[in-house]
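Colleague: Take a look at this one; I'll ask things after.
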Amino acid sequence: MQAGVIAVQGDVAEHAAAVERAAAAHDEPAEIVEVRDSGIVPDCDALLMPGGESTTISRLIHREGIAPEIRDHVASGKPVLATCAGLIVCSRDAKDDRVDALGLVDVSVDRNAFGRQKDSFEAKIPVTGLDDPFHAVFIRAPLIDEVGGGVETLATVDGRPVAVRDGPVVATAFHPELTDDSRVHDLAFFPEREVVA
Ligand code: GLN
């Protein structure tokens with residue numbers, strides 16, 4: 001499998017390591033490519049949209065012509081894992097003029113809303129599809145404040161959705177790439193298979 005990490009900005013290396021671990025658990029060879037230009041996404045079987053700064057990521061993927069390729073990737077049913085800033089960029093509405101949201105996940109988000117309460121925090125949370133709770137790291141995390149009818153909520157904190165699935169896209173307000181546990185990457189990229197811990 002060829003997995004592309006949108007690498008215009010954000011925590012790219014951590015995602016690459018996590019997807020390699022998830023693929024290895026399924027004896028699936030994974031080739032990771034860093035995406036900074038157009039023309040690479042069409043060859044990818046799976047995509048990662050990392051955390052970072054959503055306004056910067058949004059500006060660069062539009063400027064480089066990567067944004068329409070990500071939309072085509074999802075339209076053809078191929079998987080995406082979007083985390084934190086990635087979730088903001090993939091949302092329907094980020095309520096910020098500097099983010100030209102891709103509308104790939106039918107949620108609206110409030111940037112940094114969790115962060116206003118507490119800059120960062122960690123929580124062990126149950127996630128649909130995983131046997132044991134996941135250690136979730138939140139850093140200036142967005143709050144998902146509206147969820148469309150076709151969106152499945154996979155995890156909540158204080159009754160708020162923090163992980164969702166909309167078709168081939170799994171999006172999290174937290175950073176699954178920042179722990180050694182690659183089960184959320186597994187859930188996103190191998191949806192037909194049982195998650196390997
Ligand atoms: N709050 C950041 C943003 O709006 C995202 C933070 C993160 O990815 N850790 O882009």
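Colleague: If you take the residues in the range 58-68 that are outside any helix (DSSP H, G or I) and of a type outside the set (A, V, I, L, M), which one is farthest from the ligand (Cβ to nearest atom)? Quick ask: steps written out before the conclusion?
Modeller: Step one: filter the range 58-68 for residues outside any helix (DSSP H, G or I), giving 64-66.
Pick out the ones that are also of a type outside the set (A, V, I, L, M) and you get 64-65.
Values: E64: 18, G65: 21 Å.
Result: G65.
Colleague: Continuing with this model, one more query. Just need a number here: residues in the range 123-180 that are in a loop (DSSP other than H, G, I, E, B) and aliphatic (A, V, I, L, M).
Modeller: Number satisfying all stated conditions: 5.
Colleague: Would you please name the residue that is modelled with the lowest pLDDT, looking only at residues in the range 36-50 that are under 13 Å from V8 (Cβ atoms) and assigned to a loop (DSSP other than H, G, I, E, B)?
Modeller: If we take residues in the range 36-50 being under 13 Å from V8 (Cβ atoms) and assigned to a loop (DSSP other than H, G, I, E, B), then P50 is modelled with the lowest pLDDT.
Colleague: Within the range 53-73, work out how many residues are closer than 22 Å to V184 by Cβ and surrounded by fewer than 21 Cβ atoms within 10 Å (Cβ to Cβ).
Modeller: 1
Colleague: Please verify whether F134 is among the aromatic types (F, W, Y) and either free of Cβ contacts under 8 Å to residues at least 24 places away in the same chain or on the phi > 0 side of the Ramachandran plot (or both), treating the condition exactly as stated.
Modeller: No; evaluated as a whole, the condition is false for this residue.
Colleague: Take L154 and tell me if it is of a type in the set (A, V, I, L, M, F, W, C), buried (at least 19 other Cβ atoms within 10 Å of the Cβ) and more than 23 Å from E53 (Cβ to Cβ).
Modeller: Answer is yes for this residue.
Colleague: Taking the condition assigned to a strand (DSSP E or B), more than 15 Å from the chain's Cα centre (by Cα) and modelled with pLDDT of 95 or more, does V5 pass?
Modeller: no
Colleague: Condition test on E20, is it in a loop (DSSP other than H, G, I, E, B), away from the ligand (no atom under 13 Å from the Cβ) and at pLDDT below 95?
Modeller: No; evaluated as a whole, the condition is false for this residue.
Colleague: Being within 16 Å of the ligand (Cβ to nearest atom) and over 18 Å from G4 (Cβ atoms) is true for just one of T83, T55. Which residue is that?
Modeller: On the way: T83 fails: over 18 Å from G4 (Cβ atoms).
Result: T55 is the single residue among T83, T55 that is within 16 Å of the ligand (Cβ to nearest atom) and over 18 Å from G4 (Cβ atoms).
Colleague: Which pairs do you get when a residue that is within 16 Å of I57 (Cβ to Cβ), found in the range 10-29, comes within reach of a residue that is among the small types (G, A, S) and within 16 Å of the ligand (Cβ to nearest atom), reach meaning Cβ atoms under 6 angstrom, with the pair 6+ apart or on two chains?
Modeller: Every condition considered, the pairs that remain are G10/G51; G10/G52; D11/G51.
Colleague: Another question, if that's okay. Determine, yes or no, whether V184 is farther than 24 Å from R63 by Cα, aliphatic (A, V, I, L, M) and either at pLDDT 95 or above or surrounded by 19 or more Cβ atoms within 10 Å (Cβ to Cβ) (or both).
Modeller: Yes, satisfied.
Colleague: Sort out for me the strands (runs of 3 or more DSSP E) sitting completely within the range 69-122 that have 1 or more residues that are in contact with a Lys or Arg (Cβ under 8 Å, 6 or more places away or on another chain) and β-branched (V, I, T). Quick ask: steps written out before the conclusion?
Modeller: Values: elements: 80-83, 91-93, 105-110.
Those strands (runs of 3 or more DSSP E) span 105-110.
Colleague: Among the residues in the range 144-151, are any under 26 Å from C44 (Cβ atoms) and within 13 Å of the chain's Cα centre (by Cα)?
Modeller: The answer is no, given that none of the residues of the range 144-151 is under 26 Å from C44 (Cβ atoms) and within 13 Å of the chain's Cα centre (by Cα).
The values are calculated or read from the model by the stated rules, or taken from the named source; none is laboratory data. Quick caveat: nothing in here was measured; it's all calculated off a predicted structure. Because the Cβ atoms are built from the backbone with ideal geometry, glycine has one as well, and the counts that use them run over all protein chains shown.
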